[in-house]
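Step one of this worksheet: look at the structure below.
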Amino acid sequence: MQNLARIRKGRKLSQAQLAEMVGVNQGTISKIERGSESVTLEMVYKIAAALGIPAASLFPRGELEDRVLAAMSRISPERRQAVLVVIEAMARE
């Protein structure tokens, strides 16, 4: 979530303000921005929703690709194909 601090600052939000919007404490946002706290997918979506951005915007492209590939390696070939269809559709937007 290396882009979080940049996006938050661009919106002129403090960590405390974002934390309130997300429903966590300021320390959690600080740890997430520093990369010292694991982030659940649910938290990624909450932060993205609070900022009004796509969840993918919170990650550098390489990190996002690594996470997608790792997740895909753990699913069945049938589900993997379905995921690829969705990703291809998203890429066309």
**Message:** For the chain, set up a GNM with springs between Cα atoms under 10 Å and report which of VAL22, VAL44, VAL68 has the largest fluctuation.
**Reply:** VAL68
**Fill in**
1/(1 + (r/R0)^6) with r = Cβ-Cβ of ALA49 and SER73, R0 = 30 Å, i.e. FRET efficiency to nearest 0.05, evaluates to 0.60
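I need to check one value: relative contact order of the chain, counting alpha carbon pairs closer than 8 Å and at least 6 residues apart, in percent.
Answer for the chain is 26 percent.
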**Request:** Normalise the Debye intensity by I(0) for the stretch 37-79, one equal point scatterer per Cα, no solvent, then take log10 at q = 0.15, 0.27, 0.31 Å⁻¹ and round to two decimals.
**Result:** -0.44, -1.00, -1.08
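Working from the alpha-carbon coordinates of the stretch 4-58, get Rg over Rh, Rh being the Kirkwood radius.
So for the stretch 4-58, dividing Rg by the Kirkwood Rh gives 0.90.
Mind checking the dipole of the chain: about its Cα centre, +1 per Lys or Arg Cβ, -1 per Asp or Glu Cβ, Debye to the nearest 20?
Around 260 debye, computed over the chain.
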**P(r) weight above 16 Å for the chain, C-alpha pairs, percent** = 58
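Coordinate-derived values only; no laboratory data. On a predicted model such as this, the values are computed, not experimentally measured, just so you know. Positions of Cβ are generated from backbone atoms using ideal geometry, with glycine treated the same way; all protein chains shown enter the neighbour counts.
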